[in-house]
Amino acid sequence: MSKQKAPKGTLRQVLSYIRPYRALVALSVALSALCVALTLYVPVLLGRAIDHIAGPEQVDFGVILPILSKVALMVGVTALAQWLVNTVNNRVTYQVVREVRSHAFARLQVLPLSYLDSQPAGDIVSRLIADVDQFSDGLLMGFTQLFTGAVTILGTLGFMLSIRPGIALVVVVLTPLSFVVARFIASRSYSHFRRQSDVRGEQTAFIDEMLTNQKVVKAFGQEQETMKRFDEINGRLEKSSLRAIFFSSLTNPCTRFVNNVVYAAVALAGALLCVSTAGEPEAFTVGSLSALLAYANQYTKPFNEISGVVTELQNALACAARVFRLIGQEAETPDAPDARTLSDVQGRVDIENVFFSYTPERPLIEGFDLNVKPGQHVAIVGPTGCGKTTLINLLMRFYDVNAGSISVEGTDIRSVTRKSLRAGYGMVLQDTWLRAGTIRENVAMGRPDASDEEIRSACERAYAHSFIMRLPRGYDTVIGEDGGALSQGQKQLLCIARVMLCLPPMLILDEATSSIDTRTEMRIQQAFLSMMEGRTAFIVAHRLSTIREADVILVMKSGHIVEQGSHAELLARNGFYAQLYNSQLAG
Amino acid sequence: MKKLLAYLKAYRRESILGPLFKLLEASFELIVPLVVAAIIDNGIGGGNKGYILRMCLVLVALGLIGLVCSVTAQYFAARASVGFVKKLRSALYAHIQLFSYADLDRIGASTLITRMTSDLNQVQTGLNLTLRLFLRSPFVVFGAMIMAFTIDVRAALWFALAIPALSIVVFGIMLVTIPLYRKVQEALDRVLQAARQNLLGVRVLRAFGLEEREKRAFDEKNDALNAMQRHVGRISALMNPVTYVIINLAILALIRTGALRVEAGLITQGAVVALYNYMSQILVELIKLANLIINITKSVACARRVQAVLDMPAGQKTLADAPKGDAAYRVQFASAGFRYSASGEEAISDVSLNVKPGETVGVIGGTGSGKSTLVSLIPRFYDATSGQVFVDGRDVRTYDITQLRRMIGVVPQKAALFKGTIRDNLRWGDPDAGDEDLLKAAALAQAEDVLAAKGGLDGQIEQGGRNLSGGQKQRLTIARALVRRPSILILDDSASALDYATDAALRKALSSLDYRPTVFVVSQRASSVMHADQIAVMDNGRLAGVGTHDELMKTCGVYREIYATQFRQEDEKP
């Protein structure tokens, strides 16, 4: 995790998630303060007991035994409080994490596609999973450690001062030494760590690139060559790792040494004091010395921990900021407050003077007009990557037009609810998407209440029934993420069945290009034809038969609609379409 | 695991010295309470200030020696673990280079990438910690107990009681929680899967208006994860309080026993303090040990996964001798068959085909018909499992694999380019090619405009060719294959991202090559193969027909069907 600064508001946002649990947090804080106080008090009491074990015949059981039972009681209370603190912290942490995740996911459902299209899915998933985890680990545990650490330092200091101010001063003066040493090492090793993670990143990118395309490496006999390059990076990684690991591992021994010096100093000062005050009423006792030695040991620990906690907190806040940026992302324009539910759709679509582009610098669709009567078929034609999905995005209102309007049955689609608009369309994309689950669940996605009878009939009409029955468990066969072992053609048939089951009045279809075998392709074609019968259809077409029979052909090229008309008209125009049409048949 | 440890051999010295110095450090730490006891009993008891000063200097000296030992130990541990993993990583990478296509298919790139990166990093961390702490912690625990026994046997009996009790608690909780944490991980994976699926299917889900249902389904998984986390949390929350209680009860018992023994004049007050200190040391070490064991468990699992890759047999055998084919043909398939796995169906079976030098062969058929598999047998990407494949009359399995592949230019289905300049990428075809050769190949591959757009041969290509379009990548991969002036050129469905005009221009350029390679054109498009000297029609792994376009239109039903679906209108064309 690279170190980054979190924006200012992050902490406040974090606190707003914690606020509902403020009673629990307060309880946790109070209990951990109690824990620290009791934990620190125990050595004092034990020191007092030890004072009464001076030597043979000088053991005062009358004092020792009550102290011991008092300590036992305190230990019990401490343990109980500790357990409560742990439990409460767990609860608060996991609840907050659950809510953050749930909010983030809910946000995903309303984020505009323009945002989702611009972010790699893996990146969003990593915010939702890895970042939230880091945030919970770091932030909430960091908070408790920071708090107990601070209380421990103050408490220890207080107890030491109450036992013997002079010796406490020795500790206070010497302890920052260990802090300085730790900081020094950390700052030195930081640059080594950065170098290590740079080289490691370089190596990971190399491995990723080469192994993903290992077959190409082999096809061109580049095994030795890439191995040489790999070993070169690997050698550099070894050097930088060794430095980073060695330098950072110095922290513990060095601070431990400083602690040992402090310990020796306390022993020296304490023992000398014992000797010089022996017999006096204000005598410094062996028990006090042992208590002070115990404190000297634990006083320095929280300092080292806190410096670690601070970096972890920064890291956690940076992660939280990434998640909150997602949650704070502007949602798509909500449906108009008076949005109607689109109903009784016949399939009339009117596109009036539409302008659209993804980025202002690159205008795409300009002044586009198209009137589609119910039952008409519109073929969208053009080379790969010409922007055919742009039209689908606009029709389904995944994106809003920049100017002009699109209406269905004479109603501007911005004045109806998105849900009802989309329910009017059946969409089969070439880029098939199926979810992990049974075949039945996948087909019934649009109508979860559909009966087995209806599902079966939809699959039959989509020519999917026969292959489904050949699967090991028929309609109950569980398919993995993205269709798992199904072939591309089978996946597309399932997507068709999914639409068949709802059969809305308007269709958006995407004809398969290359990766489907001829027989399946013909089945898909037949299924398409039977669906399109009497319905308005927008079809991204590759097959000449589809194109020729369409009522309107839209010819697209690099995002623009360059021509529009019927097959005969376009051929007569002898433009881009004619060129496209002829080149397919030319030698 | 044994195999992996072999890589540690080179660092035997470091891996022995590391823990040894760590033990030394721990031993000096164990002496500290004895010194303190001496200060109390002799120094304070005898009122001897000089003695106290000397003993405190001894404490500092002990700390200094400890520091030196410990730094030395850290150094050796770091060297051993980093060096070990470097060697292992290099060996793993080298082993992966030996994997055949069949091996790669079976294992998958993403698995290998995880093994090479995060698994090996975890192994490094685990080994480093092991070398530093694995001996130290038990040593301190038992050392402290033994020291206690040297002070006073009766009092030390409490150690013999407390240590097993602490161990049971610490390791018992670990034993219970480790499998539970695995379950948490599984629940987290389900949450992750739900999020990823939702993002990938966002268009379909919104088209069906399923946002609310998706939220509910996600929350269900999220809640399940939450419940699991809290369950584990409750159990591991016991660790600190319970160990705290045990250690303190032991200290109380120790002081009580100590008091009785001091009363009886058997031990001194300083000895009681020393016993108390030893007990405190134990707790710290046990907790460290528990953390260490969690870390080691993880590392061992990672190491096993690395080992599993190294254990996979790799490579293809070269035959010393095999029946010869007809040297008049450049490529000859003799009843060749292939199955991807021993139990699976044949992907291609009984294919016989003869191709003369300089001929262009079209291979056409539907998805899964075996087109690509067929041409993969020529450069031995896969070895025929029945029958034979010959190049220039020699069974391909008798060729040195590198030598064989040097004769063949392949343009794979998936256009893959690598980070670096265009020149670097094209030189994969031939490391000795000059700029002129590269430019010529690019021109033939219709890639001149790609070079122009990217700044010529020095143009930078990003990882995986991200900064190029599909068609641009494809043309560069074709150029790369042409750079080696191959005697056999295989275009495996490699014009799919090209528009028809570019495709046609490419075909024309290929037919004009002065060195007349034998060309295999694999395609789903009839238009890409119809002008070939001969066309092999694949259907369900079998050769459904061989011949020219006109012959096949008369004799081959499958070919006619493919042609008809793509060119239904040709005859009626105005």
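Only residues that are closer than 19 Å to A:Y425 by Cβ and touching a Ser or Thr at 6+ places or on another chain (Cβ under 9 Å): list them for segment A:327-344, please.
A:E332, A:D335, A:A339, A:R340, A:T341, A:L342, A:S343
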Do you know which of the residues in segment A:529-560 that are touching a residue at least 40 places away in the same chain (Cβ under 8 Å) and in a helix (DSSP H, G or I) is nearest to B:L498 (Cα to Cα)?
A:L544
Please state which of the following conditions B:M279 fails to meet, knowing it meets all the rest: (1) more than 8 Å from chain A (Cβ to nearest Cβ); (2) at pLDDT below 85; (3) assigned to a helix (DSSP H, G or I).
(2)
Residues of segment B:233-259 being within 39 Å of the chain's Cα centre (by Cα) and either small (G, A, S) or at the interface with chain A (Cβ under 7 Å from one of its Cβ atoms) (or both), which ones?
B:G233, B:R234, B:S236, B:A237, B:L238, B:N240
Which residues, taken from segment A:207-225, are more than 7 Å from chain B (Cβ to nearest Cβ) and surrounded by fewer than 21 Cβ atoms within 10 Å (Cβ to Cβ)?
A:Q224, A:E225
Does segment B:329-343 include one or more residues that are under 23 Å from A:Q488 (Cβ atoms), outside the structural domain of B:D119 (by TED's automatic domain parsing) and assigned to a strand (DSSP E or B)?
yes
Take segment A:146-163 and flag every residue that is surrounded by 19 or more Cβ atoms within 10 Å (Cβ to Cβ) and among the polar types (S, T, N, Q).
A:T148, A:T152, A:T156
Can you tell me which residue in segment B:442-486 is nearest to the other protein chains (Cβ to nearest Cβ), limited to those that are among the charged types (D, E, K, R), surrounded by 15 or more Cβ atoms within 10 Å (Cβ to Cβ) and outside any helix (DSSP H, G or I)?
B:R484
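From the list B:A290, B:A274, B:A320, which residue is at pLDDT 85 or above, under 30 Å from A:Y41 (Cα atoms) and either out of contact with any Asp or Glu (no Cβ under 7 Å at 6 or more places or on another chain) or among the charged types (D, E, K, R) (or both)?
On inspection, the qualifying residue turns out to be B:A274.
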Specify which of the listed residues (A:S136, A:S114, A:S118) is of a type in the set (G, A, S) and surrounded by 20 or more Cβ atoms within 10 Å (Cβ to Cβ).
A:S136
Contact list, first residue from segment A:299-318 and within 27 Å of A:V266 (Cβ to Cβ) and in the same structural domain as A:R127 (by TED's automatic domain parsing), second anywhere and modelled with pLDDT under 70 and surrounded by fewer than 21 Cβ atoms within 10 Å (Cβ to Cβ), beta-carbon distance below 9 Å, six or more apart or interchain, is A:V309/A:M141
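Answer yes or no: is there a residue in segment B:264-284 that is without any contact (Cβ under 8 Å) to a residue 12 or more places away in the chain, within 22 Å of B:M147 (Cβ to Cβ) and more than 47 Å from the chain's Cα centre (by Cα). Outline the logic, then answer.
First, pick out the residues of segment B:264-284 that are without any contact (Cβ under 8 Å) to a residue 12 or more places away in the chain: B:264-265, B:284.
Next, from what is left, pick out any that are within 22 Å of B:M147 (Cβ to Cβ): B:264-265, B:284.
Filter once more, so that each one left must be more than 47 Å from the chain's Cα centre (by Cα): B:264-265.
Yes, that holds for at least one residue.
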Against the condition touching a Ser or Thr at 6+ places or on another chain (Cβ under 8 Å), on the phi < 0 side of the Ramachandran plot, part of a loop (DSSP other than H, G, I, E, B) and of a type outside the set (S, T, Y), how does A:A320 come out, does it pass?
no
Within segment A:416-423, can one find any residue that is touching a Cys at 6+ places or on another chain (Cβ under 9 Å) and aliphatic (A, V, I, L, M)?
yes
What do you reckon, is A:S32 of a type in the set (S, T, Y), within 12 Å of chain B (Cβ to nearest Cβ) and in contact with an Asp or Glu (Cβ under 6 Å, 6 or more places away or on another chain)?
no
Options B:I251, B:I267, B:I255, B:I247; residue that is touching a Gly at 6+ places or on another chain (Cβ under 8 Å) and crowded, with 17+ Cβ neighbours inside 10 Å:
B:I267
Candidates B:R397, B:R406, filtered to the one that is more than 14 Å from chain A (Cβ to nearest Cβ) and charged (D, E, K, R)
B:R397
Residues of segment A:552-587 being away from chain B (no Cβ under 13 Å), of a type in the set (D, E, K, R) and under 46 Å from the mean Cα position of the chain (by Cα), in sequence order, are A:E563
So B:V522, is it touching a strand residue (DSSP E or B) at 6+ places or on another chain (Cβ under 7 Å) and under 10 Å from B:G362 (Cα atoms):
yes
Those residues of segment B:1-57 that are in contact (Cβ under 8 Å) with a residue 60 or more places away in the chain, under 16 Å from B:C69 (Cβ atoms) and not polar (S, T, N, Q) come to a total of 10
When you go through (1) crowded, with 16+ Cβ neighbours inside 10 Å; (2) of a type in the set (K, R); (3) under 30 Å from B:V375 (Cβ atoms) one by one for B:R261, which number turns out not to apply?
(3)
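To keep it simple, each residue is scored yes or no on (1) facing chain B (nearest Cβ under 10 Å); (2) aliphatic (A, V, I, L, M); (3) surrounded by fewer than 22 Cβ atoms within 10 Å (Cβ to Cβ).
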residue: A:A379; (1), (2), (3): no, yes, no
residue: A:T389; (1), (2), (3): yes, no, yes
residue: A:L394; (1), (2), (3): no, yes, yes
residue: A:D400; (1), (2), (3): no, no, yes
residue: A:V408; (1), (2), (3): no, yes, no
residue: A:D412; (1), (2), (3): no, no, yes
Restricting attention to segment A:164-176, which residues are buried (at least 17 other Cβ atoms within 10 Å of the Cβ) and assigned to a helix (DSSP H, G or I)?
A:I167, A:A168, A:V170, A:V171, A:L174, A:T175
How do the helices (runs of 4 or more DSSP H) wholly within segment B:44-121 filter down when requiring 1 or more residues that are under 30 Å from B:G270 (Cβ atoms) and modelled with pLDDT under 90: which remain?
B:49-98
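The values are calculated or read from the model by the stated rules, or taken from the named source; none is laboratory data. Bear in mind the structure is a predicted one, so any value in this text is a computation, not a measurement. Every residue, glycine among them, receives a Cβ derived from its backbone with ideal geometry; neighbour counts consider all protein chains shown.
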